[in-house]
1. Residue check: is Ser71 part of a loop (DSSP other than H, G, I, E, B), of a type in the set (Ser, Thr, Tyr) and modelled with pLDDT of 80 or more?
2. If I filter the range 22-44 for residues that are under 13 Å from the mean Cα position of the chain (by Cα), of a type in the set (Asp, Glu) and either closer than 30 Å to Ser3 by Cα or outside any strand (DSSP E or B) (or both), do I get at least one hit?
3. When residues of the range 92-102 are filtered for being touching a strand residue (DSSP E or B) at 6+ places or on another chain (Cβ under 8 Å) and either surrounded by fewer than 17 Cβ atoms within 10 Å (Cβ to Cβ) or free of Cβ contacts under 8 Å to residues at least 24 places away in the same chain (or both), how many remain?
4. State whether the residues of the range 84-102 include one that is outside any strand (DSSP E or B), modelled with pLDDT under 95, among the basic types (Lys, Arg) and within 19 Å of Trp53 (Cα to Cα).
Amino acid sequence: MGSHDGIMYYTLGQRHGLRLGGRRGESGTPWYVVAKDALTNTLVVARDHDHPWLYSTTLVAGQLSWVAGVSPMLPLTCHAKVRYRQEDQACVVTALGDDDTVLVTFTVPQRAIAPGQSVVFYQGEECLGGGVIECTPTHHATSVDPPWAHLPSMGGGAV
């Protein structure tokens, strides 16, 4: 469909700067980044603000920092935010084998959880701590392979 300057310059849910608008005979509906594949340098876009691939119920976070200086007893039922000004979201935080990585499972699917961004944990008004989002394991959980898996790699940044 096109090319890009590198997937590191795009984030899940991004709408602006994709250079995909203005094609003759198209609806003018905006495109959104719905997936990124670092191995093939592929950026996947769709014309749906609420595309199912933008939603995930889990994330893995690392580089944890706890306000109390130590991790609370896990698993922990609390609330979390994955973006500024977001409403608190009910979740369960579970240890993943070491003291610096957790699995966060949300009650309600979250839109555009972006690796590299922060997740912050709360108990009521109290901030417990947070970490850096590493991945969203349930992303694309409805298919075995992403729909672009059958396509040859386009190398220089396929869109």
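1. Spelling it out, Ser71 is indeed part of a loop (DSSP other than H, G, I, E, B), of a type in the set (Ser, Thr, Tyr) and modelled with pLDDT of 80 or more.
2. Looking for residues that are under 13 Å from the mean Cα position of the chain (by Cα), of a type in the set (Asp, Glu) and either closer than 30 Å to Ser3 by Cα or outside any strand (DSSP E or B) (or both), one finds at least one in the range 22-44, hence yes.
3. Residues in the range 92-102 being touching a strand residue (DSSP E or B) at 6+ places or on another chain (Cβ under 8 Å) and either surrounded by fewer than 17 Cβ atoms within 10 Å (Cβ to Cβ) or free of Cβ contacts under 8 Å to residues at least 24 places away in the same chain (or both): 7 in total.
4. No; the residues of the range 84-102 include none that is outside any strand (DSSP E or B), modelled with pLDDT under 95, among the basic types (Lys, Arg) and within 19 Å of Trp53 (Cα to Cα).
The values are calculated or read from the model by the stated rules, or taken from the named source; none is laboratory data. Computed from a predicted model, the values in this text were never measured in an experiment. Neighbour counts are summed over all protein chains in view; Cβ atoms, including those assigned to glycine, are modelled from backbone coordinates with ideal geometry.
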